[in-house]
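Engineer: To start, I am sharing the structure in question, which I have written as structure tokens.
The values are calculated or read from the model by the stated rules, or taken from the named source; none is laboratory data. Source: prediction; values computed, not measured. Backbone-built Cβ (ideal geometry, glycine too); neighbour counts: all protein chains shown.
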Amino acid sequence: MSSPSLTAVAVVPVTRVPVRRRLPPSLIIGLTILIIIVAAAVFAPLIAPYSPTQQDLTNILAGPSAKHWLGTDELGRDIFTRLLYGARTDLSVAFIAVLSPFVLGTCLGAAAGYFGGWLDSVIMRIADVVVAFPFYVLVILLVFVLGPGTRSIYIAITVVSWVSYARIVRGGTLVAKNEEYVLSARVAGISDRRIIFRHIVPNVITQAIVFAMSDIVMDILAIVTLGYLGLGIPPPTPDWGSMMAEGQSFLTTHWELATIPGIAVVITGLGLSLLGDGLADLLRAE
């Protein structure tokens with residue numbers, strides 16, 4: 001009897017095909033809106049047909065036309081030009097203003113979470129005192145005391161906004177300091193400062209970066225509110241808040257003077273909010 005024939009089966013190694021992760025739609029939409037607004041602000045000198053402070057008293061409160069796309073204000077200044085330069089002013093101040101509380105809050109939160117003890121108690125109690133006051137009320141109060149101008153805005157926003165970053169980073173640090181890589185670094189004799197800034201902070205700062213997107217929205221609203229109240233950027237520098245305040249007197253006859261800057265604020269806030277939500281969804285998917 002002949003033995004059954006053996007069939008050789010070739011074993012083909014299975015390769016794992018990388019899955020291409022789709023970007024969240026909110027991230028794409030928010031990034032697109034933000035890129036358009038930032039590009040318009042950066043290239044305002046090339047796009048704007050006039051100077052933002054150029055007055056034409058013979059052509060005041062003119063309606064939209066081929067010469068003035070969005071019309072002119074009560075001093076004959078081109079609204080489209082001032083809108084672009086207002087974006088340039090408000091966005092630059094908002095983006096710079098978010099850096100100081102981000103850095104300060106990150107450092108204080110990491111120190112409080114890592115060292116604990118009395119340092120943690122002092123930092124968190126100060127944070128509780130700051131949080132006890134409404135954000136906009138405290139910012140307006142500080143700018144009123146310090147006086148109008150970008151310097152006062154930076155100081156006021158830093159004093160108020162560092163708390164959120166400190167709490168976020170502190171929570172992550174409390175977990176990260178008990179991880180094996182941190183314990184190994186301690187055993188190896190690495191200094192506490194290097195452990196915090198080289199090992200812990202890079203692993204816990206992600207949520208703080210995501211929060212910064214929404215924090216910029218609050219900063220923009222604060223800057224616009226200060227400009228509306230006359231406590232923001234001093235004239236004649238264009239600012240969305242001051243444009244709305246100046247156009248309020250003509251709201252029944254020339255509604256676009258106050259409405260168009262308000263629409264610009266809403267669109268900018270929407271773009272930043274969508275960008276923050278998209279970043280959060282992307283990080284959760286990883």
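Engineer: Residue by residue through segment 256-271, note down the ones that are modelled with pLDDT of 90 or more and not β-branched (V, I, T).
Structural biologist: L257, A258, P261, G262, A264, G269, L270, G271
Per-residue answers, yes or no, for (1) charged (D, E, K, R); (2) modelled with pLDDT of 90 or more; (3) within 28 Å of I200 (Cα to Cα):
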{"site": "L146", "(1), (2), (3)": "no, yes, no"}
{"site": "V159", "(1), (2), (3)": "no, yes, yes"}
{"site": "I168", "(1), (2), (3)": "no, yes, yes"}
{"site": "T173", "(1), (2), (3)": "no, yes, yes"}
{"site": "E179", "(1), (2), (3)": "yes, no, yes"}
{"site": "V182", "(1), (2), (3)": "no, no, yes"}
{"site": "A185", "(1), (2), (3)": "no, no, yes"}
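Engineer: Answer yes or no: is there a residue in segment 213-220 that is surrounded by fewer than 16 Cβ atoms within 10 Å (Cβ to Cβ) and of a type in the set (A, V, I, L, M).
Structural biologist: No, segment 213-220 contains no residue that is surrounded by fewer than 16 Cβ atoms within 10 Å (Cβ to Cβ) and of a type in the set (A, V, I, L, M).
Engineer: For segment 250-264, name all the residues that are assigned to a helix (DSSP H, G or I) and touching a residue at least 60 places away in the same chain (Cβ under 8 Å).
Structural biologist: Listed by number, the residues that qualify are F250, E256, L257, I260, P261, A264.
Engineer: Going through segment 158-210 one residue at a time, which ones are of a type in the set (S, T, N, Q) and within 26 Å of the chain's Cα centre (by Cα)?
Structural biologist: Within segment 158-210, T158, S161, S164, T173, N203, T206, Q207 meet the criteria.
Engineer: Does S152 meet the test of being closer than 19 Å to I220 by Cα, polar (S, T, N, Q) and surrounded by fewer than 21 Cβ atoms within 10 Å (Cβ to Cβ)?
Structural biologist: yes
Engineer: Another one. Scan segment 37-49 residue by residue and report those that are surrounded by fewer than 17 Cβ atoms within 10 Å (Cβ to Cβ) and under 23 Å from W255 (Cα atoms).
Structural biologist: Across segment 37-49, the qualifying residue is only P49.
Engineer: Right, something else. Just to verify a result, which residue in segment 185-212, among those that are of a type in the set (G, A, S) and out of contact with any Ser or Thr (no Cβ under 8 Å at 6 or more places or on another chain), is surrounded by the fewest Cβ atoms within 10 Å (Cβ to Cβ)?
Structural biologist: Taking segment 185-212 first, the residues of a type in the set (G, A, S) are 185, 188-189, 191, 208, 212.
Still in the list and also out of contact with any Ser or Thr (no Cβ under 8 Å at 6 or more places or on another chain): 185, 188-189, 191, 212.
Numbers: A185: 18, A188: 8, G189: 6, S191: 11, A212: 23.
For segment 185-212, the residue satisfying everything is G189.
Engineer: What do you reckon, is P148 of a type outside the set (S, T, Y) and outside any helix (DSSP H, G or I)?
Structural biologist: So P148 passes the test.
Engineer: Here is a follow-up. When segment 50-69 is examined, which residues are found to be hydrophobic (A, V, I, L, M, F, W, C) and either within 30 Å of the chain's Cα centre (by Cα) or under 17 Å from F250 (Cβ atoms) (or both)?
Structural biologist: Of the residues in segment 50-69, the ones hydrophobic (A, V, I, L, M, F, W, C) are 57, 60-62, 66, 69.
Matches in segment 50-69: L57, I60, L61, A62, W69.
Engineer: Okay, moving on. If you take the residues of segment 56-75 that are without any contact (Cβ under 8 Å) to a residue 60 or more places away in the chain and crowded, with 17+ Cβ neighbours inside 10 Å, which of them is farthest from T237 (Cα to Cα)?
Structural biologist: Looking at the filtered set, the residue picked out is A62.
Engineer: In segment 1-49, what residues are at pLDDT below 55 and among the small types (G, A, S)?
Structural biologist: S2, S3, S5, A8, A10
Engineer: Could you tell me whether any residue of segment 157-174 is within 30 Å of T53 (Cα to Cα), in contact with a helix residue (DSSP H, G or I) (Cβ under 6 Å, 6 or more places away or on another chain), surrounded by 18 or more Cβ atoms within 10 Å (Cβ to Cβ) and among the hydrophobic types (A, V, I, L, M, F, W, C)?
Structural biologist: Yes, some residue in segment 157-174 is within 30 Å of T53 (Cα to Cα), in contact with a helix residue (DSSP H, G or I) (Cβ under 6 Å, 6 or more places away or on another chain), surrounded by 18 or more Cβ atoms within 10 Å (Cβ to Cβ) and among the hydrophobic types (A, V, I, L, M, F, W, C).
Engineer: For segment 252-286, what are the residues that are within 19 Å of G76 (Cβ to Cβ) and of a type in the set (A, V, I, L, M)?
Structural biologist: If the condition is that a residue be within 19 Å of G76 (Cβ to Cβ) and of a type in the set (A, V, I, L, M), then L257, A258, I260 are the ones that fit.
Engineer: Among the residues of segment 94-109 satisfying the criterion of being touching a Ser or Thr at 6+ places or on another chain (Cβ under 7 Å) and surrounded by fewer than 23 Cβ atoms within 10 Å (Cβ to Cβ), which is nearest to S242 (Cα to Cα)?
Structural biologist: The qualifying residue nearest to S242 (Cα to Cα) is S100.
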